[in-house]
């Protein structure tokens with residue numbers, strides 16, 4: 001900020017020491033002429049001239065004399081407070097003076113009461129030089145020096161610029177010393193004197209009055225100096241002699257405050273010169289310096305001086321302070337010691353100093369910033385899984401502008417903390433979060449960026465168990481384990497295991513499996529489903545012909561008299577129409593079977609009663625390249641009176657689902673067993689129910705040499721052993737037959 005230049009010259013009028021010197025040639029010790037300061041009328045007391053009562057005046061007594069006067073030269077330490085006598089000189093070549101520490105305002109009356117002693121003169125010992133009283137403006141301490149050839153002539157008055165006063169001179173100079181010569185004047189004499197701006201003295205010869213030789217008697221002679229402010233008359237009364245002179249033309253009306261001193265000196269002649277101080281009454285002139293201080297920087301912006309009198313109100317500088325206020329300052333009343341009721345004190349020995357502390361006015365604006373943390377909860381497909389978690393921290397900014405400098409400061413304050421709390425991810429049934437919690441984040445500030453988190457939820461892995469239970473025994477035949485993601489439906493259908501169930505001689509009695517499929521929705525709990533099974537019981541008709549036609553051929557039609565053929569008591573599942581459903585066994589024609597092969601997703605093997613053309617048993621051919629255990633099934637059917645009529649080794653190719661349904665015709669034989677319940681093996685934990693394995697392959701390799709014919713490899717495991725004496729592969733190979741039977745038995749028992 002560009003500051004205005006308020007600095008002005010300080011207008012201070014101070015008291016100057018007057019030093020007397022000897023006429024003969026003794027130079028004064030030190031002399032520095034100070035320029036008289038300019039006067040600013042606006043800062044000077046221009047009180048109308050008036051006479052004051054004693055109540056308005058300050059009185060200095062002999063008791064506090066040293067509080068108001070300063071001793072210089074030979075006057076130092078030569079004051080007796082009990083008598084009020086101040087000694088200036090005691091012998092030759094001495095000079096001493098006292099200076100008033102305050103200022104005399106000549107707009108007000110004053111009086112100095114005391115007595116002077118100029119020494120004792122005899123015919124043998126004359127005295128010199130006298131005592132002078134001077135009023136002047138300028139520095140309070142001015143001394144003569146030999147460098148400027150100024151001597152203390154005219155009892156300490158000559159050599160000091162712009163002086164007016166009165167002297168009592170006891171020695172007549174032979175020639176002029178920096179001023180008028182007093183040759184021819186009576187000695188001792190009294191007279192008013194003055195100096196110009198260079199210190200050259202002039203004697204007002206019209207005021208000269210001789211005091212008589214008796215005056216130099218070494219005694220104190222009463223002295224009364226009075227000034228009447230109304231008439232501007234200064235009068236000096238010594239004993240019975242009165243000296244009067246108007247000061248109207250000499251007083252600076254704009255600055256009527258003057259320093260005052262009393263001085264005496266000796267040269268080659270000796271004199272004990274003293275002044276008895278009785279009292280001094282005056283209206284004390286006061287000066288107050290006001291410093292204007294920038295409280296923020298500590299710098300003093302400006303100073304001004306206000307003059308007045310003791311106990312008067314100090315004129316408060318309203319206009320100046322208003323200027324500062326326009327520049328953005330305001331007064332700090334707590335620290336400022338100048339108020340509208342401040343007064344000048346009664347001690348005019350030193351100026352008062354006041355400090356006006358100026359604060360920088362400020363304006364404050366407030367803004368806010370919000371820092372947010374957002375946590376989104378989503379499923380894997382991006383859809384919302386739970387309500388967003390949002391935390392917000394607010395920071396308030398106070399911007400303060402310095403109205404003086406224009407500078408701004410910013411202060412941020414957190415309104416609700418600086419920490420984003422830890423957030424536990426919500427639990428969602430069946431789903432697992434990739435982050436169980438978003439941790440606490442500390443030290444958030446207004447400069448922190450918004451935080452965004454996404455917590456993903458994936459379905460849990462679920463388990464389901466299907467238990468296949470023999471309803472008669474309560475035993476678990478086998479279990480099947482299914483797994484999948486929560487909320488999904490298993491592709492499993494009971495029809496997929498029908499072939500396995502029937503191959504073990506069972507059919508489905510009941511099931512707890514849902515009709516719409518198994519849905520994984522238990523959130524970590526393994527669900528157990530039960531499929532209750534009953535053994536297949538095939539009972540031949542007691543009235544039917546037990547003889548099987550030996551010449552019946554595969555794919556031949558049965559006669560119409562064979563309707564009472566062997567049937568399952570409870571039909572087995574033969575299609576994929578539904579889980580747990582029961583489908584009635586119906587008479588299938590070749591056309592119907594062909595149509596089913598085209599429409600079904602899987603293929604079947606149907607065992608058809610050649611006589612009745614009704615299906616006795618059906619099994620699913622799984623969608624794979626496999627081997628159907630035709631020999632095992634044939635053995636089971638034989639127990640129920642049926643005999644295969646087809647020559648099929650059980651191999652099928654259904655990896656592409658294109659295998660045609662296979663029909664195997666059977667004929668009824670004699671009833672050998674009723675209500676047979678085959679013993680089933682528990683294939684729990686098994687995942688491959690093929691009746692081929694490496695061991696069987698190895699057996700085949702060993703035995704093919706006995707049962708194989710040129711260009712034809714025989715599957716020993718699934719080739720019926722011919723009866724003894726039969727034709728074909730069995731003839732002449734009894735040992736091989738035994739081995740074949742053994743191998744067959746071992747293989748079969750392993751299953």
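The values are calculated or read from the model by the stated rules, or taken from the named source; none is laboratory data. Owing to the predicted nature of the structure, the values given are computational and were not obtained by experimental measurement. Neighbour counts are summed over all protein chains in view; Cβ atoms, including those assigned to glycine, are modelled from backbone coordinates with ideal geometry.
Taking residue 224, is it surrounded by fewer than 17 Cβ atoms within 10 Å (Cβ to Cβ), farther than 15 Å from residue 132 by Cβ, assigned by TED's automatic domain parsing to the domain that holds residue 76 and in contact (Cβ under 8 Å) with a residue 12 or more places away in the chain? The answer is yes for residue 224. Remark: pairs (first residue in the stretch 409-430, in contact (Cβ under 8 Å) with a residue 24 or more places away in the chain and in the same structural domain as residue 393 (by TED's automatic domain parsing); second residue outside any strand (DSSP E or B) and exposed (fewer than 12 other Cβ atoms within 10 Å of the Cβ); Cβ separation under 7 Å; 6+ apart in sequence or on different chains) = 418/442; 418/443; 419/440; 419/442; 420/440; 421/440; 425/436.
Among the residues making up the stretch 632-667, those that are at pLDDT 80 or above, in a helix (DSSP H, G or I) and either under 60 Å from the mean Cα position of the chain (by Cα) or buried (at least 17 other Cβ atoms within 10 Å of the Cβ) (or both) are 633, 634, 637. Would you pick out the residues in the stretch 305-323 that are touching a helix residue (DSSP H, G or I) at 6+ places or on another chain (Cβ under 7 Å) and either under 17 Å from residue 336 (Cα atoms) or at pLDDT 90 or above (or both)? Scanning the stretch 305-323 gives 305, 306.
Rundown of residues vs (1) under 60 Å from the mean Cα position of the chain (by Cα); (2) part of a loop (DSSP other than H, G, I, E, B); (3) under 25 Å from residue 162 (Cβ atoms); (4) assigned by TED's automatic domain parsing to the domain that holds residue 349, yes/no style:
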position	(1), (2), (3), (4)
208	no, no, yes, no
214	no, no, no, no
219	no, yes, no, no
230	no, yes, yes, no
234	no, no, yes, no
237	no, no, no, no
242	no, no, no, no
251	no, yes, yes, no
255	no, yes, yes, no
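Looking at (1) within 19 Å of residue 384 (Cβ to Cβ); (2) out of contact with any strand residue (DSSP E or B) (no Cβ under 6 Å at 6 or more places or on another chain); (3) free of Cβ contacts under 8 Å to residues at least 24 places away in the same chain, find the lone condition where residue 447 falls short. That leaves (1) as the condition not met. Could you please let me know if residue 264 is touching a residue at least 12 places away in the same chain (Cβ under 8 Å), assigned by TED's automatic domain parsing to the domain that holds residue 75 and out of contact with any helix residue (DSSP H, G or I) (no Cβ under 8 Å at 6 or more places or on another chain)? So residue 264 does not fit the description; no. On the stretch given as the stretch 348-405, residues that are over 17 Å from residue 438 (Cβ atoms), touching a residue at least 60 places away in the same chain (Cβ under 8 Å) and more than 20 Å from the chain's Cα centre (by Cα) total 19. It is to be established whether one or more residues within the stretch 301-316 are without any contact (Cβ under 8 Å) to a residue 12 or more places away in the chain and not in a loop (DSSP other than H, G, I, E, B). No, the stretch 301-316 contains no residue that is without any contact (Cβ under 8 Å) to a residue 12 or more places away in the chain and not in a loop (DSSP other than H, G, I, E, B).
Among residues of the stretch 195-206 being surrounded by 21 or more Cβ atoms within 10 Å (Cβ to Cβ) and out of contact with any helix residue (DSSP H, G or I) (no Cβ under 6 Å at 6 or more places or on another chain), the one that is farthest from residue 161 (Cα to Cα) is 203. Each residue in the stretch 67-100 was checked for being in contact with a strand residue (DSSP E or B) (Cβ under 6 Å, 6 or more places away or on another chain) and not in a strand (DSSP E or B), and 5 of them qualify.
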